[in-house]
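Below: the structure, in structure tokens.
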Amino acid sequence: MMRQVQVLMLTAVAALVSAQVAHAVDYGTIKGTFTIKGMTPSMKKIVPNKDVEVCGKQELHEEVLVVGKDGGLANALIYALGDAKDANKPMANIHESYNALKAEAAVLDNKGCRFEPRLAVVWTAQKFTIKNSDPSIGHNSFGQPFANPAFNPLIPAGGSVTVPLDKPEKLPFKVSCSIHPWMGSYVIVRPDPYAAVSGETGAFEMVNVPVGEHTFQLWQETLGYLKAVTINGKAEKERRGQYKIAVKKGDNELKIVVDAKDFKTQIDKVK
Amino acid sequence: MGKAKYWSIVYLMVPIFGVGLFVAAPALRMWLPADVSEHGHTIDHLFVFIMYLTGAVFVATECALVWYLWKYDSKSNPAPTKFTHGSHSLEVVWTILPAATLLFIAIYQINAWADQKLVRRAPVESVGPDGVRGTADDVPKAPIAEVTGRQFEWRIRYPGPDGVLHTRDDLLDVNDLHIPVDEELVLVIKSEDVLHSFFLPNFRVKQDVVPGMKQKVWFKAVKGSEGRSYDLVCAELCGWGHYKMKGRVTVDTQSDYRAWLEKLSFEQHKTSEPPPATAEEQ
Amino acid sequence: MKRTLSKARPSVLALVTLAASLASLAGCDQSSQAYFTATSAPKAEIQRSIDRLDASLATAKDEQKEDIRTSIKNLEEELGALPEKQRIVTTIVDAMFGTPDKPIVLSATGLDANKIRLAAGPTTANQDGNTGGLYRRHCVHCHGVAGNGAGPTAEFLNPYPRDFRHGWFKFKSTGINEKPTDDDLRRILREGINGTAMPSFKLLPAAEIDALVEYVKYLSIRGEVENTLYKRFDDDGIKEMLAGAMKGGEAGDEFRALIIEDLLSDEATGVMATWKRANERIVEVVPRPEVSSEESIQKGREIFYGKGGCVQCHGDSAMGDGQTYYVNDIDATRSNAIKQLVNPSFPMQALKPRNLRYTVIRGPSRDIDLYRRLRNGIDAVGMPAPTIPPEEVWHLVDYVKSLPYEFNEPGPTQSENTRAN
Amino acid sequence: MSSHALGDHGHAAHAHDLHDHAAHGHQMSFIGKYIFSRDHKIIGLQFLFSTLLWFIVGGLLALGIRWQLAYPWSKLPILGDMLFSGEAGQMSPEFYTALFTMHATVMIFLVIIPILAGAFGNFLIPLMIGADDMAFPTLNMLSYWFMWPAFVCFGMTFLTAGHGAGSGWTSYPPLSVIESAAPASGMAQTWWLLGVTFVGVSSMLGSVNYMTTIIQMRAPGMTMFRMPMTIWGMFITAILQAFALPVLTAAGFMQLLDRVWDTGFFVAEGATANNAAAMSGGGQPLLWQHLFWFYSHPAVYIMILPAMGMVSDMIACFARKPLFGYKPMVYSISGIAGLGFIVWGHHMFVSGMNPVLGVTFMLATMMIALPSAIKVFNWLGTIWGGKIHFTTPMLFAVAFVSMFIIGGLSGIYMAATPVDIFIHDTYFIVAHFHYVLFSGTAMAVMGAIYFWFPKMFGRMMHDGWGKVHFLLTFIFLNGTFYPMHLLGMVGFPRRLADPYHYETFAHLLPMNQFMTWCAIGMVATQIIFAINFFYSMFYGPKAGRNPWHANGLEWCAPSPPGHGNFDFQPIVYRGPYEYGSPETDEDYYPQWHPPKQGESSGGEEPKPH
């Protein structure tokens, strides 16, 4: 009996303290870019051999490495690790601006016989929905997460399905479509919303990150861990692609440069 | 060289060991396997009958051979030998005697063959076009199951509650055929790919299965065999896994047989399974 | 100069052949270790990339050629490093799991050493038919000593036998990407897999089947660990650990313990964790809706041609004439599931959706098995699950079961000795 | 002795002619003389050496089978690691099927048939009937050279995937036709069919030649009923081959078409294996069995009749007594041949053939036992009252009789249809045909090699070692094959790589191990034979023209005979078995000796041919 009371009291105190701390925390925004240095191979064009009437409408390319103008590297991933030792631990503080996101589902769309987006970010607090926006053809989305149960629903044209992904994943997992074998995408499930994917130009934005030094994971689908990068002009190496980055209040600029040479062998192997 | 005739002893060993091994065979468990079918004893009887007959001829001819070799050796028989080109009457005797014997065997066994191979028909009561109730006796007996040989297993299909094969209520099983005791039964045997042979050593049944043909076999498990299982062997080369094509025939009492079918049906249609912790299938 | 070379060649060839055959003779006793690495998928994969790049050289533009040459060089270097990689991985895996003749059962795997012992090692038979070496008596021809699905008979079979090293299994009560339960494996062994070359071992004693189930799990775990080691070899940390584990003595033991901890026991990703949780991942079978079977079949038909989307692959006629892919065509399909299925040296095999008009359904065919398959999809071959409510899956089961008989109601019975239809 | 016949018939011109031939022969190059020789003796020896070589191959294949049956799935000694590394050195089941398929194929098509007809037929026919060569020497050469494509084809089957054809020597479709049913065979089955076709062509060329030679080229006075039994055996064999073989060749082509061009002679509609596409088919698997056995049953007699002939000659010679019942012997051989054409169905009693048809075949089969019985009785009659010399060839010849009794009697079990239901495709059958073919024919062939070796090479083989060879072979062969009867009684099926997982057969393992060690002993014993053979070829004591004091015409030619065989024109005065005739002081009375003054030759007058 005594013990239970003690536990209760302790919990209450802890809650109070944490609330206080939360109040004290400042937040900054990371505005960054992924750039690739050097020549990169061009991506092969895909000629669909199935459901051509739908899939043949738009041009399809391999997407293992998407490079925008001025060497912007698209679909590169950065996410915060709440604890460098335990990747599944969420960041201690999550800004309240993210609360609205909980109601919004993370979506992976089958559109034009490709996945949109190529890399979907899911916060465990969110629902995860797979959609099929293509007319008249069905798609299946075969995902093999590490911690969550695998899924492989067949989604009829215009349909959608919600897949439970409530455990954080250390790394993105692949989602593919068996019917259209060229289709592929990745999904990362995080315990916090601090994850961002670079857009076509290589730019990304991560808002309201707690101020302080955090460990960030850098990842790209072909290279996996970005083991050697230049961060804001400084060459760095880390075997698991985890870099310590200090976040200041206000805007933080983060320029991440990856050497094209690292891609070559990997892409050749995948192709 | 005077000892040359001792070579005939080598040939003497043939009938001695030849007969000896057959005498010892039952003790070595190398005899016809236990027969549990009704018709099997006619086959066994024929086998043993031929064995005694050929055994006698075997011993007689081998002994004659050895005796002549021993007796007419060149050293112990230096005297002028018999000079003959043959004997017409002897030829006639040893043509007619074996011919008669062989013919006897041939005729003696025809019944057993017919009994094994000719189609079983069951009398079926029906009302004829003239409105008279009668018995039709030319209706082939309905099969109790269909056995399909396939590389490398025996698929078994019971007709299910409606008694007709190849309908939705068929019960399927693999390698494990159950039959009721003391009932003459018909099996349809088929092949899906290549030749197989449906061989039940203990029932003295063997029938090749030919793709594109339906074969039927008949047998009746005798009382006393219930509750036991017997090997089902593939006896016609069917590919690399020929040796793997092992099945089992279990003879059940009528009630056990019905229970078995029910269990099969239950397994087939059940919609839930106990959790694995308690599902020790032993 | 040329002439002397060509003259020398046959004799050199003969010598090399002789030496090779002598070496293989001499290797009779020590080669048990080599059995486990009879196929080396990474090597074939890299070699394939090199060949492809080589071929592309001819059509490439001049400015690309240099790049391609560099790539080839890099890949060749990787290929060159492979034997060393293989040596280390094999040594570690052998140290952890033993050889086929003398398997080691780590407590971390939770396997039953007695059962493994009954299934492993060379076949022995005695007069009562009792045997040891069950795996090599019954399974090795197809599944191979290493469980790599590449026994001598394997390449002649359609579909190819399962490669246990990936831990993929098709017919199970658990969800996709999950391991099968012991019961699932036991059922496959007992019933065989209809429509494939996997025969039924129903007549083996229960204890022998259990031993084989355990050994399949052993091979699977062993293979998964081996695969993981390969994948993570380039990771600096694991490389250090591996180098450490190669050492003898206590230092080596420590490193090996670390690897075991890391690869087998890790709660989230360890190989054993996935096996241990199998019983918890059994997919629930909901009660059958209470409608007449005809109605259920009709509803199933609607789902099949409608929202179930089955028709897309199984075709309008349900004869499996929708989509087709190739099992080991790495270029054609990026799906890891399919890519890892088979030995890349085997000829390509079409992976076809089933013809549902055959009376024989591939795999276990009890209602409950069909339900699970239609509810979860089929692992490893990429059959997706229809997005329909769980109870409606029963309609689909009923429809699929009725398909072989849909237009094929029984005709007049045939008389004997006539040709079957 | 035979030498006194020389000079008596010194037809100068003829002798000169012969001499010319011989001289011409000496001038020929090595290749002309030994490789592309048209001399029947050289061709006979070519056949002999080739078939003995394949005999070794077939024997080793048999050891592979025996190893698996004695120690199933244990590591195959020597070859295991080389061939089956993916399987820890144990042989694969498809290799086992290839083993027994190729063992039978090699033994039947490359050993027994060519050693009887090709080796001994070629060597003996012209010599025994007093001809200087075959009727068609070039055809004869071709008949040997058509064996080589067959050798290559059968050799190729070992080199393809799975190491050999795997449908049994009977090549029953659909297994042999649907590629996906026996994919391990791959191309091997096609090579196999081609090989059989070439063997067929070779045999056909030979049989046409033998028939013509025997009918047309007999020496003056050599009437049909003065021909030795060997020649009768060869003659009837040639007829059998000429009439039965085309059926197999045609059927073989049909199967080849089924395999290569997807015709459907032997495949049922819709048959499918290994998930391959269903066959369009429309054919009948049983049709092949009918066509195949229409040849292959007579082939069984092709494999024994010449042996019976040679045994008759050897027994009469070493019993120093005329062959008992010469004409009944001839009639029974002819009877066997005639009936041999209408008994093929006894291979198909459980095949699904109409059971009523089975009864007819059963009756014919029962009747074919009769001539065999008559032959045995006549051999006994020959030995009875003889003056028996226990030479090596005689030991083998008597072994033939003794073993043929077993093989013949066990045939009656199979002829009895209900019994056949049980023993069909069991080791009882294996025992039966090994008793006929190995214990029978092979014994006769070994005896014949010892017997005619001096004629072939002009030297004697070592008799002592020959007897050792005989004794060990005789013991080991019975140790290997006799227990098979017992296995068959238990129902032990043929062609099973691992029969011991059946409860019914598990206890038969120790017996199989015993048989395997006997088989190993038997093969090892043949090393004695090989050494004796090759040593004697070069260093054996020189043999005269007629070392056995035999009556046949071949013994009046030089040893070895030169080109053209005879150095004088032999004229035949009497039958071949006038041993111990009261008309002469010696215990033999060769066919070529003119009758003593005032005595009749005991038969019709010799008429020049």
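The values are calculated or read from the model by the stated rules, or taken from the named source; none is laboratory data. All values reported here derive from a predicted model rather than from experimental measurement. Positions of Cβ are backbone-derived with ideal geometry, glycine not excepted, and every protein chain shown enters the neighbour counts.
Quick check on this structure: which one of B:THR42, B:THR84, B:THR54 is among the β-branched types (Val, Ile, Thr), buried (at least 17 other Cβ atoms within 10 Å of the Cβ), farther than 14 Å from B:ARG204 by Cβ and at the interface with chain D (Cβ under 9 Å from one of its Cβ atoms)? The unique qualifying residue is B:THR54. Within region A:231-247, is there a residue that is modelled with pLDDT of 90 or more, buried (at least 21 other Cβ atoms within 10 Å of the Cβ), within 30 Å of A:SER42 (Cβ to Cβ) and of a type in the set (A, V, I, L, M)? Scanning region A:231-247, I find no residue that is modelled with pLDDT of 90 or more, buried (at least 21 other Cβ atoms within 10 Å of the Cβ), within 30 Å of A:SER42 (Cβ to Cβ) and of a type in the set (A, V, I, L, M), so the answer is no.
Annotation: B:GLU262 fulfils all but one of (1) more than 7 Å from every other protein chain (Cβ to nearest Cβ); (2) in contact with a strand residue (DSSP E or B) (Cβ under 9 Å, 6 or more places away or on another chain); the unmet one is (2). Do we have A:ILE130 as surrounded by 21 or more Cβ atoms within 10 Å (Cβ to Cβ), at pLDDT 90 or above, touching a Gly at 6+ places or on another chain (Cβ under 9 Å) and within 12 Å of chain C (Cβ to nearest Cβ) here? Here the answer is yes, as A:ILE130 does meet what is asked.
If you go through region B:201-218 and keep only what is within 12 Å of the chain's Cα centre (by Cα) and free of Cβ contacts under 8 Å to residues at least 24 places away in the same chain, you end up with just B:GLN207.
Within region D:77-88, identify whether any single residue is in contact (Cβ under 8 Å) with a residue 60 or more places away in the chain, within 14 Å of another protein chain (Cβ to nearest Cβ) and more than 23 Å from the chain's Cα centre (by Cα), and answer yes or no. Among the residues of region D:77-88, at least one is in contact (Cβ under 8 Å) with a residue 60 or more places away in the chain, within 14 Å of another protein chain (Cβ to nearest Cβ) and more than 23 Å from the chain's Cα centre (by Cα), which makes the answer yes. Scan region D:488-504 for residues that are out of contact with any Pro (no Cβ under 9 Å at 6 or more places or on another chain), more than 7 Å from every other protein chain (Cβ to nearest Cβ) and buried (at least 23 other Cβ atoms within 10 Å of the Cβ) and the total you get is 1.
Just give me the residues in region D:366-410 being assigned to a helix (DSSP H, G or I), more than 7 Å from chain B (Cβ to nearest Cβ) and of a type in the set (S, T, N, Q), in sequence order. Residues satisfying the conditions are D:SER372, D:ASN378, D:THR382, D:THR392, D:SER410. Residue count for region C:198-207 satisfying the condition of being crowded, with 18+ Cβ neighbours inside 10 Å and more than 7 Å from every other protein chain (Cβ to nearest Cβ): 3.
From the residues in region D:523-577 that are β-branched (Val, Ile, Thr) and farther than 30 Å from D:LEU63 by Cα, which one is surrounded by the fewest Cβ atoms within 10 Å (Cβ to Cβ)? So that I can check it myself, show each step before the final result.
Step one: of region D:523-577, the residues β-branched (Val, Ile, Thr) are D:523, D:525, D:527-528, D:531, D:571-572.
Filter once more, so that each one left must be farther than 30 Å from D:LEU63 by Cα: D:571-572.
Numbers: D:ILE571: 20, D:VAL572: 24.
The extreme case among them is D:ILE571.
So that you can scan it fast, the table gives a plain yes or no per residue for (1) of a type outside the set (Gly, Ala, Ser); (2) without any contact (Cβ under 8 Å) to a residue 60 or more places away in the chain; (3) outside any strand (DSSP E or B); (4) more than 9 Å from chain C (Cβ to nearest Cβ):
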site	(1), (2), (3), (4)
A:SER136	no, no, yes, yes
A:PRO145	yes, yes, yes, no
A:ASN148	yes, yes, yes, yes
A:LEU154	yes, yes, no, no
A:GLY158	no, yes, yes, yes
A:THR162	yes, yes, no, yes
A:LYS174	yes, yes, no, no
A:TRP182	yes, no, yes, no
A:ILE188	yes, no, no, yes
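D:VAL359 meets all of the listed conditions (1) assigned to a helix (DSSP H, G or I); (2) under 30 Å from B:LYS71 (Cα atoms); (3) within 11 Å of another protein chain (Cβ to nearest Cβ) but one, namely (2). Checked against the criterion of being within 28 Å of D:SER85 (Cβ to Cβ), in a helix (DSSP H, G or I), at pLDDT below 95 and not basic (Lys, Arg), the candidates D:GLY118, D:GLY162, D:GLY166 yield just one match: D:GLY162. Screening region B:136-218 for strands (runs of 3 or more DSSP E) wholly inside it with 1 or more residues that are away from chain D (no Cβ under 14 Å), of a type in the set (Asp, Glu) and touching a strand residue (DSSP E or B) at 6+ places or on another chain (Cβ under 7 Å) returns the ranges B:145-150, B:171-174, B:176-180, B:184-191. What are the residues in region D:181-194 that are buried (at least 19 other Cβ atoms within 10 Å of the Cβ) and of a type outside the set (A, V, I, L, M), if any? Scanning region D:181-194 gives D:PRO183, D:SER185, D:GLN189, D:THR190, D:TRP191, D:TRP192. Against the criterion of being surrounded by fewer than 24 Cβ atoms within 10 Å (Cβ to Cβ) and over 19 Å from D:GLU269 (Cα atoms), B:GLY224 qualifies.
Could you tell me whether region C:208-228 includes any residue that is touching a Phe, Trp or Tyr at 6+ places or on another chain (Cβ under 7 Å), of a type outside the set (A, V, I, L, M, F, W, C) and within 14 Å of chain A (Cβ to nearest Cβ)? No, region C:208-228 has no match at all. Scanning region C:152-180 for residues that are of a type outside the set (A, V, I, L, M, F, W, C) and within 12 Å of the chain's Cα centre (by Cα) turns up C:PRO159, C:TYR160, C:PRO161, C:ARG162, C:ASP163, C:ARG165, C:HIS166, C:GLY167, C:LYS170. Those residues that are more than 7 Å from chain D (Cβ to nearest Cβ) and either buried (at least 20 other Cβ atoms within 10 Å of the Cβ) or β-branched (Val, Ile, Thr) (or both), I need them from region B:19-36; list them, please. Once the filter is applied, which keeps residues that are more than 7 Å from chain D (Cβ to nearest Cβ) and either buried (at least 20 other Cβ atoms within 10 Å of the Cβ) or β-branched (Val, Ile, Thr) (or both), region B:19-36 yields B:VAL19, B:VAL23, B:VAL36.
Look at (1) of a type outside the set (Lys, Arg); (2) crowded, with 24+ Cβ neighbours inside 10 Å; (3) closer than 26 Å to D:LEU437 by Cβ and you find that D:VAL177 fails only one, number (3). Do we find that B:PHE104 is more than 8 Å from chain D (Cβ to nearest Cβ) and not hydroxyl-bearing (Ser, Thr, Tyr) in this structure? Yes: the conditions hold for B:PHE104. Just checking, does region C:363-381 include any residue being away from chain A (no Cβ under 14 Å) and at positive phi? Yes, some residue in region C:363-381 is away from chain A (no Cβ under 14 Å) and at positive phi. Considering every residue within region D:277-286, establish whether at least one is away from every other protein chain (no Cβ under 14 Å) and part of a helix (DSSP H, G or I). No. Within region D:261-270, can one find any residue that is away from every other protein chain (no Cβ under 14 Å), at negative phi and touching a residue at least 24 places away in the same chain (Cβ under 8 Å)? Looking through region D:261-270, none of the residues is away from every other protein chain (no Cβ under 14 Å), at negative phi and touching a residue at least 24 places away in the same chain (Cβ under 8 Å). Scanning region B:219-236 for residues that are outside any loop (DSSP other than H, G, I, E, B) and free of Cβ contacts under 8 Å to residues at least 40 places away in the same chain gives B:SER229, B:ASP231, B:VAL233.
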